[in-house]
1. Which condition number in (1) touching a residue at least 24 places away in the same chain (Cβ under 8 Å); (2) closer than 20 Å to residue 138 by Cβ is the one that residue 216 fails?
2. Looking at 197, 234 in this structure, which one is outside any loop (DSSP other than H, G, I, E, B) and either at pLDDT below 65 or outside the structural domain of residue 135 (by TED's automatic domain parsing) (or both)?
3. Regarding residue 185, is this residue in contact with a helix residue (DSSP H, G or I) (Cβ under 8 Å, 6 or more places away or on another chain), under 30 Å from residue 94 (Cβ atoms), in contact (Cβ under 8 Å) with a residue 24 or more places away in the chain and in a helix (DSSP H, G or I)?
4. Just to verify a result, which residue in segment 91-105, among those that are surrounded by fewer than 17 Cβ atoms within 10 Å (Cβ to Cβ) and closer than 22 Å to residue 198 by Cβ, is farthest from the chain's Cα centre (by Cα)?
5. Taking residue 171 as the residue in question, decide whether it is farther than 27 Å from residue 92 by Cβ, surrounded by fewer than 15 Cβ atoms within 10 Å (Cβ to Cβ) and in contact with a helix residue (DSSP H, G or I) (Cβ under 9 Å, 6 or more places away or on another chain).
6. Would you tally the residues in segment 185-214 being more than 22 Å from residue 144 (Cα to Cα) and surrounded by 12 or more Cβ atoms within 10 Å (Cβ to Cβ)?
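The values are calculated or read from the model by the stated rules, or taken from the named source; none is laboratory data. On a predicted model such as this, the values are computed, not experimentally measured, just so you know. Reconstructed Cβ throughout: ideal geometry from the backbone, glycine too, with neighbour counts over all protein chains shown.
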């Protein structure tokens, strides 16, 4: 344990008291008066040191029990927080998680580099949609086969086109090849954005069908129980209308997706 020496402040108070009393009782308008007062102050200081000497403490004695909670809190704040362990995924899911990080980082870099406002807006849109597509598959790994072509062709090809646009735009030059290529890429980007949106939408086809079926069944039950604002006799007169509607909606969803 470390030994800590704590100086007593009482001798200093004695010196202050000497000067205060001297000013009240004795004159202080000649140099000799100040010298005498200083001598008396010195005597008072050393007398105070004798009466109230400095004291030594170990580290444990200095840290009183009541200070322990505050010391523990300060120590806890000073210690760096442990990094949370990265979530583990199956290899095929980890691969697209890593690809999402790379793709989003590249989208951001290209967005910062390309000055065209419309192209920048389209890059923002593709960045957000790409993140949502991969998040949907991470949440439901069974959807992974649906984005195989997106991950292997559409996403990397889009990056290739944007990088080509960025390189040509950075030249600051104008010509048949540069302007023509940039124009074709600009025309293509809107189509790519729409394709990304459709890819995301297609991932929710099964959920949409399930929801549509649940809604149809609930509508029929509510009608049969007279809870849908319909007359029960009207419901009995056309018992197959709800089923026909459900089949039609199911066909529409299957064709759409």
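1. All conditions are met except number (2).
2. None of the other options fit; the residue is 234.
3. No: the conditions fail for residue 185.
4. 99
5. Answer is yes for this residue.
6. The qualifying residues number 7.
Yes or no, residue by residue, for (1) outside any helix (DSSP H, G or I); (2) in contact with a strand residue (DSSP E or B) (Cβ under 8 Å, 6 or more places away or on another chain); (3) at pLDDT 95 or above; (4) assigned by TED's automatic domain parsing to the domain that holds residue 187:
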| position | (1), (2), (3), (4) |
| --- | --- |
| 57 | yes, yes, no, no |
| 69 | no, no, no, no |
| 80 | yes, no, no, no |
| 105 | no, no, yes, yes |
| 115 | yes, no, no, yes |
| 119 | no, no, yes, yes |
| 124 | no, no, yes, yes |
| 132 | no, no, yes, yes |
| 160 | no, no, yes, yes |
